[in-house]
Amino acid sequence: MPLVPRGRGGRRHLQLDGAVRRTVLPGGLQVVTEDIRSTNTYSLGVFAAVGSRHETARLHGASHFLEHLLFKGTMSRTAEQISAAIEAVGGELNAYTAKEHTCFYARVLHSDAELALDVLIDMITKSLITSEDVDSVIRVAAARAAPEASLRITILEAFIVPTWLWSRSMETGGATLSKVRSRLL
């Protein structure tokens, strides 16, 4: 990659030759692309202006949950075919949910830009969401949260939550414990 002359502090900065482009689609989705010819790479992100900040207490986590569901399959691709399409060309396909937005993105070689666009559009516009997929995402989320939740519960039990409240929350289920944890942490 070409380097620019030394700037303040004597540091050199990479000079990116790719133009970053942002397109806002009629439905509000934003598509951001960067084509870096010197490295022959292309990055593409599709941003939905929905993140954790936009969720009500009742729907907390819905954006992240939906993010995972969109990787489960479309009308034309299975979950395995979605990931294999990008991985077969050495690319990366991923997503994340932030406070202000949810982003689905791909990084590929320039020659595979159309493939990346096709896969992302397919995921976002033609996803099939089945009850089995919903159950699967719930199981995965619960398994991922279990170690962290165990540690928080242990800390709460040992240092913060009075014994009477702890035993009551255990009797009434995780929802009460969840409310207690959210108020204390």
**OP:** Quick one: in region 39-77, of everything that is in a strand (DSSP E or B) and in contact with a Ser or Thr (Cβ under 6 Å, 6 or more places away or on another chain), which residue is most open to solvent (accessible area, probe 1.4 Å)?
**Re:** Ala48
**OP:** Of all residues in region 116-131, count the ones that are open to solvent by 70 Å² or more (accessible area, probe 1.4 Å) and touching a Lys or Arg at 6+ places or on another chain (Cβ under 9 Å).
**Re:** 3
Subject >> Any chance Glu80 is open to solvent by 30 Å² or more (accessible area, probe 1.4 Å), at pLDDT 90 or above and either touching a His at 6+ places or on another chain (Cβ under 8 Å) or part of a loop (DSSP other than H, G, I, E, B) (or both) >> reply: no
Original post:
Looking only at region 87-115, which residues are open to solvent by less than 60 Å² (accessible area, probe 1.4 Å) and farther than 29 Å from Arg53 by Cβ?
Top reply: Val89, Gly91, Val108, His110, Asp112, Ala113, Leu115
**OP:** Select, from Tyr105, Tyr42, the only residue that is among the aromatic types (Phe, Trp, Tyr), in contact (Cβ under 8 Å) with a residue 40 or more places away in the chain and in contact with a Lys or Arg (Cβ under 9 Å, 6 or more places away or on another chain).
**Re:** Tyr42
**OP:** Output the residues belonging to region 72-99 that are over 23 Å from His110 (Cα atoms) and either among the hydrophobic types (A, V, I, L, M, F, W, C) or in contact with a Leu (Cβ under 7 Å, 6 or more places away or on another chain) (or both).
**Re:** Gly73, Thr74, Met75, Ala79, Ala98
**OP:** Hand me the list of helices (runs of 4 or more DSSP H) wholly inside region 89-185 holding 1 or more residues that are touching an Asp or Glu at 6+ places or on another chain (Cβ under 9 Å) and at pLDDT below 50.
**Re:** 163-172
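The values are calculated or read from the model by the stated rules, or taken from the named source; none is laboratory data. Fair warning: this is a prediction, and the values are worked out from it, not measured in the lab. With ideal geometry, Cβ positions are generated from the backbone for all residues, glycine too; neighbour counts draw on all protein chains shown. Accessible surface areas use protein heavy atoms only, side chains included; no ligands, DNA or RNA. Shrake-Rupley method; radii C 1.70, N 1.55, O 1.52, S 1.80 Å.
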